[in-house]
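Written out below as structure tokens is the structure these notes cover.
The values are calculated or read from the model by the stated rules, or taken from the named source; none is laboratory data. Keep in mind that what you see is a predicted model, and the values were worked out from it rather than measured. Cβ atoms come from the backbone with ideal geometry, glycine included; neighbour counts cover every protein chain shown. Quick note on the areas: whole protein, heavy atoms, side chains included, nothing else; ligands and nucleic acids left out. Shrake-Rupley method; radii C 1.70, N 1.55, O 1.52, S 1.80 Å.
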Amino acid sequence: MSAANGPDRFGPYEEEPEDTGRNDGAGQHDGTARNDGTARNDGTGRNDGAGSAGEADRAWIPTPRSSVEDTGRPLPDVPLPEPLALEHPVLKSLLGAWALAACSPEEAAAVEDHLGVCGTCAEEALRLRDAVGLLHAEESLDLDPMLRSRVLEGCLTRRPARIPVPGWATPYDAETARLDALLQDIGDGEWHAPVRLRWYEGVEQVGRKTTVAGVISHLTSVDGIVGRALGLEDPSPSTQLRSSRGDPIGSPAPVGLGPAARTEAHWKASYFPPTRAVRAPWREQSHAVIRTVSFAGSDEGGAGGSGQLPVSYGTFELPLRDAMIDRAFECWIHAGDIADAVDYPYEPPAPRHLNRMIDLAARLLPGSLAARRRSGLAGPAHELVTAGRPGRSLRLEVEGAGGGEWLIALDSPAAVGSADREVAHVALDGVEFCRLAAGHIPPEEAAAGQVGDREAIRDVLSATAALSRM
């Protein structure tokens, strides 16, 4: 304990000074104090003779070790592990563990010393190390091009919009967003990359050469048909054209110019070759279409709903809900054309969206087949069928994500497909069927499983390709 009338000389983190005096009962303990029953303990207080020498010494608190920053002295060197003295068979058995970095430091040092003197083990170690490298596939440092669309899809799934997009408009919303992400990633020079638009006409595949920018101009022009039906301003310069009856393009029931003529007029009205400047009008128009149909509501487009608004394509018309699916389909197909031109990976639509596209094509097949029959491009009907009655049918089986089965009426677009009247069965992959419907592959090259009436199968495949239009 310290003296009652003096401060404690040694702080709690101060080392006790080295003893430099004598301790012989009369000698000095630290040069200032005596230990003879009356000796001073710290030079300021007296131990009045009642205490012993042991009681006079207070308890000492050790100080913490000084760090290298406190002392300035370098840290001691840590010796490397000494290689183990192992026999050759043991070292050879450790090569596999060494290649996997699973040895202890001592074992690794022993193996590495051995590899410097044993050529056979060195070759084996190199072979094992290369094999270990094959176990870990190389990962690209580039971001996944589909990351943006997956993040957007996840966000929309977890937090629905306050004003939901109708179910029949979500494929168009998704496909325009995916195409816009692709366009954002390509460079200025790639907007002039050559692209060949392809479609099926009559009995052969035809095409038209253009550029990436020209494809976006085409989408802007044909999407404008839907925009005009919704009362939106059409950004296409072809809006001043009129059909053979004098009706402005985009009016409720124009007859004459269709999407192909409209696109040609759009290109001819452009004074300069399209550049990346075409992206902004196309994107603004697609956003305006989505906003308009979302505010209109009517998710499934029942009777009298906004989904039943007629949209004229010149020689035919579709209800708005089907026109939106059609525009989503064409957006995906032409996005694939652009991706091929600029060497960009591009995936098919989400399965639920792909199913809607396939369903639309299947529902349009009886009408397409009847149109080809009127033009003499398909065999005659085998029987007359009253509207709404079952008739001869072909079973269309679409495999893969988004697929399903549809019964296609063969003799009349007003007939009902019937499993009891099935005369043929065709099976195709979902993406293959869509490429056929887009006119990207001719009917005779479609990879289809076929059973039954060969004429019916040929006519239906050709009618599927005839759904394509520029």
(message) For segment 300-310, check the following and say yes or no: at least one residue is at pLDDT 90 or above and surrounded by fewer than 18 Cβ atoms within 10 Å (Cβ to Cβ).
(response) yes
(message) Based on this model, can you work out whether ALA125 counts as under 30 Å from TRP98 (Cβ atoms) and either open to solvent by less than 90 Å² (accessible area, probe 1.4 Å) or modelled with pLDDT of 75 or more (or both)?
(response) yes
(message) So if I check each of GLU444, GLU397, which one is open to solvent by 40 Å² or more (accessible area, probe 1.4 Å), outside any loop (DSSP other than H, G, I, E, B) and either at pLDDT below 95 or among the hydroxyl-bearing types (Ser, Thr, Tyr) (or both)?
(response) GLU444
(request) Test each condition in (1) out of contact with any strand residue (DSSP E or B) (no Cβ under 7 Å at 6 or more places or on another chain); (2) of a type in the set (Lys, Arg); (3) modelled with pLDDT of 90 or more for ARG245 and report the one that comes out false. (result) (3)
(request) State which residue is surrounded by the fewest Cβ atoms within 10 Å (Cβ to Cβ) when the search covers only segment 196-214 and only residues that are under 30 Å from the mean Cα position of the chain (by Cα) and closer than 13 Å to HIS440 by Cα. (result) ARG196
(request) Of the conditions (1) out of contact with any Phe, Trp or Tyr (no Cβ under 7 Å at 6 or more places or on another chain); (2) open to solvent by less than 40 Å² (accessible area, probe 1.4 Å); (3) modelled with pLDDT of 85 or more; (4) of a type in the set (D, E, K, R), ARG327 clears all except one; give me its number. (result) (1)
(message) Restricting to segment 374-394, name every residue that is out of contact with any strand residue (DSSP E or B) (no Cβ under 8 Å at 6 or more places or on another chain) and buried (at least 19 other Cβ atoms within 10 Å of the Cβ).
(response) ALA378
(message) Please pick out the residue among VAL431, VAL423, VAL451 that is open to solvent by 10 Å² or more (accessible area, probe 1.4 Å) and part of a helix (DSSP H, G or I).
(response) VAL431
(message) For segment 174-195: of the residues being free of Cβ contacts under 8 Å to residues at least 60 places away in the same chain and under 25 Å from LEU354 (Cα atoms), which is most open to solvent (accessible area, probe 1.4 Å)?
(response) GLN184
(message) Report every pair of residues separated by at least 6 positions or lying on different chains whose Cβ atoms are under 6 Å apart, first residue within segment 373-388 and farther than 13 Å from ALA466 by Cα and assigned to a loop (DSSP other than H, G, I, E, B), second modelled with pLDDT of 90 or more and among the small types (Gly, Ala, Ser).
(response) VAL385/GLY391; VAL385/SER412; VAL385/ALA415; ALA387/ALA414
